[in-house]
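The values are calculated or read from the model by the stated rules, or taken from the named source; none is laboratory data. From a predicted model like this one, the values you see are computed outputs, not experimental measurements. Cβ sites come from the backbone with ideal geometry, for glycine too, and all protein chains shown count toward neighbours.
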Amino acid sequence: MSKIPTYSKSYWTEYIDRKEAHSYPQAVKDNETEIVIIGAGIVGVLSAYELAKRGRKVILLEADRILYGTTGHTTAKITAQHGLFYDELIRKSGEEAAKLYYKANMDGLNYIRQVIKEENIDCDFSEQTAYTYAVTDEYDEKIKAEFKAYEKLGIDGELLSELPLPFQIKSAVSMNGQAQFHPLKLLSNLLVSFEQLGGAIYEQSPVKDIEEDDSGLHAILKNGHRISGQKIIIATHYPFYDMLGLYFSRLHPMRSYIVAATVEEEIPDGMYISADQPTRSLRYTDYDGRKLLLIGGESHKTGQSEDELSCYNALESFTKDYFTVDDFPYRWSAQDLVTLDKLPYIGQYSSSKENLFIATGFGKWGMSNGAVASMLLCDLATDQENPYEELFSPSRSETNLQSASTFVKENANVAKELIKGKISPDDVDPNDLKPNEGGHIKFKGKRAGAYRDENGSLCILDTTCTHMGCEVNWNSGERSWDCPCHGSRFDTNGEVLEGPAVDPLKKLN
């Protein structure tokens, strides 16, 4: 009987491993350019490429290895269909905003299509129809309301009563003309083009702060060097720089999971996502001459699951319930950020920082929104107008009742987790930890975190998050320490995997 892999591994990032992709130098001296981009995921790479095409001098910085971040752990759907979204958006923000959001995401999709064609890149891009489906009466009604929203907005789609899936549905709404691709095949090729256009790339070069003076903006690296520019784009997923606290209270991090399976049945074309909870997402990708089925879902707030491995197990069970599985060659998870009103924050960092730009909060739809972000940021950084500037402005008003309620609820949740982490009694005896297991222990009278590696050695860490002091929790699915407050993640040695934290956890042994 096929089982999911013992360790997490993304199908997308394995391409980079197999390719033995070009490694990039670290930034080990001060440097100066026109525009500095921090973060080399889809937003950072597309922005760097586009700005270089426009004749700008650009330096691209990445804290870790290039292309091993969030973009390498996606479902890689490029679509303007974001589950049940448009009916809610019309009710919350009006038809005009909903039309703009749809058009923006279609522009993002078409921009990716255009770049692929211009650069002649083989990245498994294929046009697909996207479907959101319901299997219960409750969500059947919501699907019908969503289709009415499509009709109001002129979205090309249909209301359906069946799909080519191995289970019955109540209804589905389709959106035509969407797409899927291999994101790292695209971005790795664009990095080559970016360098040919004169761009510079530095990896394993984490930035810890941003300073400003009369000469411009300066990205301050953890090694003490500075990369200076007239303008800086923060494309780090969660913004590490939050001088005024503008973002920590307005974003909440979510984790979701994917298992990849080879199955005996023919996998249908199309990209599917359930309206019902827990979410189930289905699509295929090409894999050694056959189709690989990607099934995703099981979202939860980062650091707040009792057992992350059980999320993978639930997806494994779902796959086996409906398909004859030959193998599960991959499993991986991703982190997503959700804003108060569910629209991304893209644009000027704040009204007082006119040369500092940011993109964050894509709410699980980072491929289309990431492309939108790159187009918008490039226009702002080159003083051009963009029709989506107001819609996505980080300084926009979010004063509607739903956003206010979300603000109160999410920040109350942060406060609860902060207190809970200090008093939680779930400590384990370190002698009970098996190889590759971790958990909270008592160490010299204080709470700490311990992980026992494959060789039996124990690494003990101070589990106080270096961002804002919450207690991190053990993630059994990824073997990491995850913060339940703002989503920072650390590896078993305490090194930062994901921000907003920039400093590692303290080692205690």
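Looking at segment 231-282, the strands (runs of 3 or more DSSP E) lying wholly inside it that each contain 1 or more residues that are more than 30 Å from Leu61 (Cβ to Cβ) and of a type in the set (Phe, Trp, Tyr) sit at 271-274.
You will find that of Arg331, Arg290, the residue that is of a type in the set (Lys, Arg) and either touching a Phe, Trp or Tyr at 6+ places or on another chain (Cβ under 7 Å) or buried (at least 19 other Cβ atoms within 10 Å of the Cβ) (or both) is Arg331 and no other. Identification of strands (runs of 3 or more DSSP E) wholly contained in segment 103-219 with 3 or more residues that are surrounded by fewer than 21 Cβ atoms within 10 Å (Cβ to Cβ) and touching a Leu at 6+ places or on another chain (Cβ under 9 Å) yields 207-213.
Taking into account only those residues within segment 204-219 that are under 24 Å from the mean Cα position of the chain (by Cα) and of a type outside the set (Asp, Glu), which is nearest to Leu67 (Cα to Cα)? Out of the qualifying residues, it is Gln204. Tell me, please, whether a residue that is of a type in the set (S, T, N, Q), surrounded by 23 or more Cβ atoms within 10 Å (Cβ to Cβ), at pLDDT 95 or above and touching a Ser or Thr at 6+ places or on another chain (Cβ under 9 Å) can be found in segment 40-49. Yes, segment 40-49 has at least one match. Here segment 89-115 is the region considered, the condition is being touching a residue at least 24 places away in the same chain (Cβ under 8 Å) and more than 22 Å from the chain's Cα centre (by Cα), and the residue that is nearest to Ile155 (Cα to Cα) is Lys99. Just one residue in the set Ile121, Ile169 is closer than 24 Å to Ser281 by Cβ and of a type in the set (Val, Ile, Thr); that residue is Ile169. Look at segment 272-301: where a residue is free of Cβ contacts under 8 Å to residues at least 40 places away in the same chain and within 16 Å of Met254 (Cα to Cα) and a partner is in a strand (DSSP E or B) and among the hydroxyl-bearing types (Ser, Thr, Tyr), sitting 6+ places away or on another chain with Cβ atoms under 7 Å, you get Arg280/Ser274. Look at Ala27 and say whether it is among the hydrophobic types (A, V, I, L, M, F, W, C), under 19 Å from the mean Cα position of the chain (by Cα) and outside any helix (DSSP H, G or I). The answer is no for Ala27. For segment 288-322, a residue qualifies if it is among the β-branched types (Val, Ile, Thr) and either touching a His at 6+ places or on another chain (Cβ under 8 Å) or under 27 Å from Ser126 (Cα atoms) (or both), and the qualifying residues are Ile295, Thr319. Taking residues in segment 336-364 that are closer than 30 Å to Asp213 by Cβ, and partners anywhere that are basic (Lys, Arg) and at pLDDT 95 or above, the pairs with Cβ atoms closer than 8 Å and at least 6 places apart or on different chains are Asn355/Lys231; Leu356/Lys231; Phe357/Lys231.
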